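Student: My questions will all concern the structure given below.
The values are calculated or read from the model by the stated rules, or taken from the named source; none is laboratory data. These figures come from a predicted structure and were not determined experimentally. For neighbour counting, all protein chains shown are included, and Cβ atoms are generated from backbone atoms with ideal geometry for every residue, glycine included. When the accessible area is computed, the model is the full protein with side chains, heavy atoms only, and any ligands, DNA or RNA have been set aside. Shrake-Rupley method; radii C 1.70, N 1.55, O 1.52, S 1.80 Å.
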Amino acid sequence: CLVSKSSGSTGQVLNVVHQADRLGIQGLAMNRLFELYGSYLPWHHLVYIYTSEYPARSLFGMYPMTLIPTLTPTPQILSRLRGLRPHLLACYPSHLRAIANELGPEGCRRLHLKAISVSSELSTQQERDDLAALFNCGVYDEYSTEELTHVAAQCRDKTYHIFEDVAYLEIVSPDSEQVLAAGEKGEVVGTYLHNYAMPFIRYRQGDFAALDDSTCGCGRTFRAIRDLGGRKLDQFILPSGRVLTSGWLLDASYSFLLDIGADIAAFTMIQETVDEVRIEILPGAGYTPSMSEAVRTRFLELVGEPITVRVTVVPEIKRSGGGKHHPIVSRVTQRQS
């Protein structure tokens with residue numbers, strides 16, 4: 001057996017035991033994932049920025065894969081990418097943002113990537129589309145967890161297809177065991193079909209989504225999920241009882257870039273209490289002090305309720321021990337959990 005560790009974003013860090021002789025399933029799922037984006041050929045080199053190395057570096061010399069650890073500084077990541085010249089890249093959205101900010105549009109295109117897969121952190125479709133334009137290749141989101149492995153991934157039509165021969169998904173009412181019909185949004189409950197060493201059966205992932213039975217233009221027939229909205233901990237609860245989902249908050253943050261033109265390299269929104277939010281900003285090269293007040297004013301406009309908003313400029317954005325950046329943090333929902 002092999003042991004991996006979940007990130008703890010559901011509130012609990014788990015040691016997850018996998019059977020070594022069943023890991024081929026994950027390899028096949030990875031192959032399928034990149035086939036969603038285009039032709040994945042045996043000589044195509046994948047570089048993945050991740051916490052630890054995959055159990056295999058290739059399939060008998062084909063489909064080579066190279067690890068760059070998540071905590072590697074961005075200049076060193078760029079040096080490795082230039083030296084390795086990969087065809088495909090898999091990383092967290094925050095790493096891709098940092099790479100794009102460092103390289104600029106021309107440098108992004110010079111990497112000549114065929115496709116990029118992002119996972120494990122929240123990102124919006126608009127953000128992925130903008131990054132795709134910078135890198136001149138598709139940027140697609142993958143939904144995966146340590147407990148259920150590869151759950152779903154976007155095809156070129158941006159539909160999240162469930163890997164139904166890997167994980168069986170149900171959507172249930174958050175406060176009960178009631179299974180919801182297609183189109184109704186609720187909590188993701190999953191069963192991993194291949195781990196007999198540490199079975200996860202009807203495991204509450206803490207994420208929210210809705211099943212989608214509609215036909216996708218790409219021709220794939222697995223069911224899909226939509227409205228993937230992040231975890232319970234990735235939302236703000238306002239004094240009125242209104243809930244701001246992680247998707248809403250990410251769209252709000254994108255407004256800082258598009259509507260007021262703030263040069264922001266990275267950010268974290270932290271809800272300290274129901275009526276107080278702190279926004280930490282890692283400034284870009286063109287950031288000016290007046291942008292902090294503009295961000296504060298814009299967020300208040302979008303929220304539309306009387307709360308306190310503080311904007312602070314920080315020298316770095318903190319990551320978890322595994323190198324992840326959690327852009328939405330609620331102390332309120334953490335205490336309630």
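Student: Place a +1 charge on the Cβ of each Lys and Arg in the stretch 173-219 and a -1 charge on the Cβ of each Asp and Glu, then give the dipole magnitude about the Cα centre in debye, rounded to the nearest 20.
Tutor: That gives a dipole near 180 debye.
Student: Give me the one-decimal nm value for the distance between modelled label points at residue 176 and residue 19, 7 Å along each residue's Cα-to-Cβ direction.
Tutor: Computed distance between label sites residue 176 and residue 19 equals 3.7 nm.
Student: Going by a ≥ b ≥ c, the root eigenvalues of the Cα gyration tensor, does the stretch 139-227 fall in the rounded group (a/c under 1.5), the prolate group (a/b larger than b/c) or the oblate group?
Tutor: Because a/c hits 1.5 or more and a/b fails to exceed b/c, the stretch 139-227 counts as oblate.
Student: To the nearest 0.05, what FRET efficiency results for residue 287 and residue 318 with a Förster distance of 25 Å applied to their C-beta separation?
Tutor: The value I calculate is 0.85.
Student: Ok, one more. In nm, give the distance between the simple-model label positions of residue 274 and residue 218, each being 7 Å from the Cα along the Cα-to-Cβ direction.
Tutor: For the pair residue 274/residue 218, the computed spacing is 4.2 nm.
Student: So how strong a dipole does the chain carry about its Cα centre when Lys and Arg Cβ are +1 and Asp and Glu Cβ are -1, to the nearest 20 debye?
Tutor: With only Lys, Arg, Asp and Glu charged at Cβ, the dipole is about 920 debye.
Student: Right, next: For the chain, what's the relative contact order in percent, using C-alpha pairs closer than 8 Å and at least 6 residues apart?
Tutor: With pairs under 8 Å counted, the relative contact order is 13 percent.
Student: Once a ≥ b ≥ c are taken as the square roots of the eigenvalues of the Cα gyration tensor of the chain, is the result rounded (a/c under 1.5), prolate (a/b larger than b/c) or oblate (a/b not larger than b/c)?
Tutor: Oblate.
Student: Which residue, 220, 156, 296, tops the fluctuation ranking in a GNM of the chain built on C-alpha contacts under 10 Å?
Tutor: In the Gaussian network model the winner is 220.
Student: How high is the FRET efficiency between residue 237 and residue 43 when r is their beta carbon distance and R₀ equals 35 Å, given to the nearest 0.05?
Tutor: 0.10
Student: About the Cα centre of the stretch 218-289, how large is the charge dipole given +1 on each Lys and Arg Cβ and -1 on each Asp and Glu Cβ? Please answer in debye to the nearest 20.
Tutor: 560 debye
Student: Tell me, what HN-Hα J-couplings in whole Hz come from the Karplus equation 6.51 cos²θ - 1.76 cosθ + 1.60 at θ = phi - 60° for each residue of the stretch 181-188, using x for Gly and Pro?
Tutor: 6, 4, x, 8, 8, x, 8, 6
Student: Here's a follow-up. Give me the 1.4 Å probe accessible area per residue for the stretch 1-146, excluding ligands and nucleic acids, in Å².
Tutor: Heavy-atom accessible area per residue stands at 47 Å².
Student: With a bin width of 5 angstrom, please list the P(r) values of the stretch 109-262 as percents of all Cα-Cα pairs, from the 0 bin to the one holding the largest distance.
Tutor: In whole percents, the pair-distance histogram is 2, 9, 15, 19, 20, 16, 10, 6, 3, 1, 0.
Student: May I pose another question? Stretch residue 66-residue 35 to full length: gain in nm at 0.36 nm per residue minus the Cα-Cα span?
Tutor: Extra length from residue 66 to residue 35 when fully extended: 9.3 nm.
Student: In whole percent, how big is the carbon plus sulfur part of the accessible area of the chain, probe 1.4 Å, protein atoms only?
Tutor: Whole-percent figure for carbon plus sulfur exposure: 52.
Student: Also: Say a paramagnetic label sat at a point 7 Å from the Cα of residue 164, along Cα to Cβ; which residues of the stretch 15-50 have their backbone N under 19 Å from it?
Tutor: 29-30, 32-33, 36
Student: Could you tell me whether the stretch 179-332 comes out rounded, prolate or oblate from its Cα gyration tensor? Rule is a ≥ b ≥ c as square roots of the eigenvalues, rounded for a/c under 1.5, then prolate if a/b exceeds b/c, otherwise oblate.
Tutor: Prolate, because a/c is 1.5 or more and a/b exceeds b/c.
Student: Could you give each residue of the stretch 38-45 its phi-based ³J(HN,Hα) in whole Hz, using Karplus coefficients 6.51, -1.76, 1.60 with θ = phi - 60°, and x for Gly or Pro?
Tutor: x, 5, 10, 9, x, 8, 5, 9
Student: When the Kirkwood hydrodynamic radius is evaluated over all pairs of different C-alpha atoms of the stretch 66-107, what value in angstrom, to one decimal, is obtained?
Tutor: Kirkwood hydrodynamic radius for the stretch 66-107: 10.7 Å.
Student: Of the peptides 181-191, 102-112, how do they stack up when ordered by the mean number of other Cβ atoms within 10 Å, highest first?
Tutor: Going by the mean number of other Cβ atoms within 10 Å, highest first, we get 181-191, 102-112.
Student: Can you list the residues, at least 5 places off or on another chain, whose amide H is less than 5 Å from the amide H of residue 313, using H built in the peptide plane?
Tutor: Under 5 Å from the amide H of residue 313: 281.
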